[in-house]
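The values are calculated or read from the model by the stated rules, or taken from the named source; none is laboratory data. All of these numbers come straight from a predicted model, not from anything done at the bench. With ideal geometry, Cβ positions are generated from the backbone for all residues, glycine too; neighbour counts draw on all protein chains shown. For the accessible areas, the whole protein counts, side chains as well, though only heavy atoms, and no ligand, DNA or RNA atoms are used. Shrake-Rupley method; radii C 1.70, N 1.55, O 1.52, S 1.80 Å.
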Amino acid sequence: DDSFVLLTEQPRMAAPMFNMVEIPAGMLDGKGEFAGTAAREIHEETGLVIDSSELIELTPLDGPQGLFPSVGACDERVHFFACEKTVTDEQLDQLRGKLSGLRDDGELITLRLVRMCDLWQQTHDMKATTAMYLWDRWVHKQCQ
């Protein structure tokens, strides 16, 4: 399988980890537009420009808006998006280990490419594991 996931590696003191590997993520802005926020966060954290129309909504739409990662502790809701791109080996090499993030905001991000089939073993990030599962369900739904 030649499918890769672009991840961010950054310090997360709450974990506590200096090199937490996770999917790009961010907080919803005042506009309430999930896809637009996801596209902006992808750009800020990875440097990639993706139009919100290119994003695939992976969050189940038949329940409450979003998924609750810790429903017993907070009202946080998470939406999951994916974007599939075909790139060259040279483009992949340019992403590996690239420094990114908004340095003025204290983001010290290093990009990391992981094969999709290895993702579950490469991160402690619940969001990444959930996204991998939802992507797998979306792909298999498309194939039926």
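Heavy-atom accessible surface of the chain, averaged per residue, reaches 65 Å², computed with a 1.4 Å probe. Taking a ≥ b ≥ c as the square roots of the Cα gyration tensor eigenvalues, the chain comes out rounded, since a/c falls below 1.5. Within segment 1-61, none of the chymotrypsin sites (Phe, Trp or Tyr not before Pro) combine a DSSP coil assignment with at most 16 other C-beta atoms in a 10 angstrom radius. Under the simplified labelling scheme, the D136-K85 pair shows an inter-label distance of 2.5 nm, with each label point 7 Å from Cα along Cα→Cβ. Electrostatic tally near K98: other residues with Cβ closer than 14 Å to its Cβ, Lys and Arg +1, Asp and Glu -1, net -3. At 1.4 Å probe size, with the rest of the protein present, what percent of the exposed accessible area of segment 44-120 is carbon and sulfur atoms? Ligands and nucleic acids excluded, carbon and sulfur reach 50 percent. Element breakdown for segment 2-41 at a 1.4 angstrom probe: carbon and sulfur atoms account for 58% of the accessible area. Label separation (H124 vs M13): 1.7 nm, computed from points 7 Å beyond Cα along the C-beta direction. Calculated mean residue ellipticity at 222 nm for the chain: -8500 deg cm²/dmol, from DSSP H runs with n ≥ 4 weighted as -39500 (n - 2.57), summed, divided by the residue count and rounded to 500. Near V21: Cβ cut-off under 9 Å, other residues only, Lys/Arg at +1 and Asp/Glu at -1. The net charge is -2.
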